[in-house]
Amino acid sequence: MDIKLKGSIILVVLLGALYYAFPTYRAYQPGVDPQTVDNKVNLGLDLQGGMYLDIEIQVDEAVKEILRRTALELEDLLIDEQVDFVEVRQATNSLILEMEARQKNKFGNCSLRSFPGAV
């Protein structure tokens, strides 16, 4: 492709972009109400100065959900490692695992890999 043709295409695209961007530039000048300018690009919250988020976390519910997920993961791990256990149940802020004493070594080996600090 000829260099003059490439330069002409670039110039036309640049002039078109400036033509369509000018109303937006004019709308956000000091002393101009952006609502009165036609054909401007509407700025999102990130370009208007951001937004304010107020997030509340219900800690008790979050802890219960984490314990519930951990109990399920623990049950799956025990089944995968073929460790016999009676039950995994959720107490107030902890998990209780019932199993026979002879299974403790088997549990200790698999829990140390997946749940540090569990034993």
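Enumerate the pairs (first residue in the stretch 1-29 and within 9 Å of K40 (Cα to Cα); second residue anywhere and assigned to a helix (DSSP H, G or I) and not basic (K, R)) with beta-carbon separation below 7 Å, excluding pairs fewer than 6 apart on the same chain, so at least 6 apart or on different chains.
That search, which allows pairs on different chains as well, returns A27/P34.
With respect to the numbered conditions (1) touching a helix residue (DSSP H, G or I) at 6+ places or on another chain (Cβ under 7 Å); (2) exposed (fewer than 13 other Cβ atoms within 10 Å of the Cβ); (3) at pLDDT 75 or above, which one is the sole condition not fulfilled by F85?
F85 satisfies all of (1) touching a helix residue (DSSP H, G or I) at 6+ places or on another chain (Cβ under 7 Å); (2) exposed (fewer than 13 other Cβ atoms within 10 Å of the Cβ); (3) at pLDDT 75 or above except (2).
Can you find, within the stretch 26-37, the residue that is surrounded by the fewest Cβ atoms within 10 Å (Cβ to Cβ) among those that are at pLDDT 75 or above and in contact with a helix residue (DSSP H, G or I) (Cβ under 9 Å, 6 or more places away or on another chain)?
Restricting to residues being at pLDDT 75 or above and in contact with a helix residue (DSSP H, G or I) (Cβ under 9 Å, 6 or more places away or on another chain), the top hit is D33.
Each row is one residue, and each column tells you yes or no for (1) loosely packed, with under 12 Cβ neighbours inside 10 Å; (2) modelled with pLDDT of 85 or more; (3) assigned by TED's automatic domain parsing to the domain that holds A17; (4) not in a helix (DSSP H, G or I).
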site	(1), (2), (3), (4)
D54	yes, no, no, yes
L67	no, yes, no, no
T70	no, yes, no, no
L74	no, no, no, no
L77	no, no, no, no
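Hey, does the stretch 1-23 have a residue that's β-branched (V, I, T) and in contact with a helix residue (DSSP H, G or I) (Cβ under 6 Å, 6 or more places away or on another chain)?
Taking every residue of the stretch 1-23 in turn, none turns out to be β-branched (V, I, T) and in contact with a helix residue (DSSP H, G or I) (Cβ under 6 Å, 6 or more places away or on another chain).
The values are calculated or read from the model by the stated rules, or taken from the named source; none is laboratory data. This is a predicted model, so every value here is computed, not measured. All Cβ positions, glycine included, derive from the backbone under ideal geometry; neighbour counts span all protein chains shown.
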